[in-house]
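Here the structure is laid out as structure tokens; the discussion comes afterwards.
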Amino acid sequence: METVANVEFVQGDFTEELVLEEILTKVENNQFDLVISDMAPNMSGMNAIDQPKAMYLVELALDLAMQVLKPNGVFLTKVFQGEGFDDFLADVRGSFTKVVTRKPGSSRARSREVFLLAKGFKPKS
């Protein structure tokens with residue numbers, strides 16, 4: 001990707017601890033208004049393999065959001081409905097004042113892909 005003024009990129013596998021550490025180093029102690037995650041694993045077509053991988057990525061994204069969001073911040077993430085979705089949704093609802101689920105028109109009807117928009121981050125004391 002071409003460089004963008006005042007934007008720092010971190011390229012890597014988000015499941016690797018070193019990538020997370022690099023991100024946290026770049027953000028320093030800053031807090032943010034918004035965290036967006038559009039991550040998804042390479043899909044094999046086997047739900048028993050794909051769903052846990054997808055849930056792991058979205059859980060990592062939520063963990064990062066909870067570390068860097070300002071109070072009342074916003075988290076937007078792609079998630080796949082299936083095993084683990086309800087528990088994840090409950091976790092998100094526990095940390096934000098309002099959570100809505102949206103399925104974009106560009107998503108195929110048979111796809112389990114949805115987006116969660118969580119507003120009003122409530123940091124743990």
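Values quoted throughout were computed directly from the atomic coordinates according to the rules given, and no laboratory measurement underlies them. What you see is a predicted model; the values in this text were computed from it and never measured. Positions of Cβ are backbone-derived with ideal geometry, glycine not excepted, and every protein chain shown enters the neighbour counts.
Build a GNM of the chain with springs between Cα atoms under 10 Å: which of Q11, Q51, Q31 gets the top mean-square fluctuation?
Fluctuation is largest for Q11.
I need the phi-derived Karplus couplings for region 59-76: 6.51 cos²θ - 1.76 cosθ + 1.60, θ = phi - 60°, integer Hz, Gly and Pro marked x.
Karplus values, whole Hz, x for Gly and Pro: 5, 5, 5, 5, 4, 4, 4, 5, 7, 10, 6, 6, x, 6, x, 10, 10, 10.
May I ask you to compute the full-extension gain from T97 to E16, defined as 0.36 nm times their residue separation minus their alpha-carbon distance, rounded to one decimal in nm? Kindly include the intermediate steps, with their values, before the conclusion.
Details: separation 81, 0.36 × 81 = 29.16 nm, distance 3.03 nm.
Stretched fully, the T97-E16 segment lengthens by 26.1 nm.
What are the ³J(HN,Hα) values, in whole Hz, obtained from phi via the Karplus relation 6.51 cos²θ - 1.76 cosθ + 1.60 with θ = phi - 60°, for each residue of region 39-48 in sequence order, with x given for Gly and Pro?
Per residue, the Karplus-derived 3J(HN,Hα) values read 6, 7, x, 5, 7, 9, x, 10, 4, 5 Hz.
Highest GNM mean-square fluctuation, the chain, Cα pairs closer than 10 Å: which of M66, M46, M55?
Of the options given, M46 has the highest mean-square fluctuation.
Sequence-distant or interchain residues sharing an amide H contact under 5 Å with L34, placed H: which?
For L34, whose amide H was placed from the backbone, the distant partners under 5 Å are V74.
How large is the convex hull of the C-alpha atoms of region 32-121 per residue, in Å³? Can you show the working numbers first?
Values: hull volume 7.8 nm³, N = 90.
In region 32-121, the Cα hull volume divided by residue count equals 87 Å³.
In µm²/s, what is D for region 24-82 at 25 °C and 0.890 mPa s, where D = kT/(6 pi eta Rh) by Stokes-Einstein and Rh is the Kirkwood radius from Cα pairs? Don't skip to the answer; put the middle values down first.
On the way: Rh = 12.5 Å.
Approximately 196 µm²/s, per Stokes-Einstein.
How far apart, in nanometres, would the label points at E2 and M43 be if each is projected 7 angstrom from Cα along the Cα-to-Cβ direction?
Computed distance between label sites E2 and M43 equals 3.1 nm.
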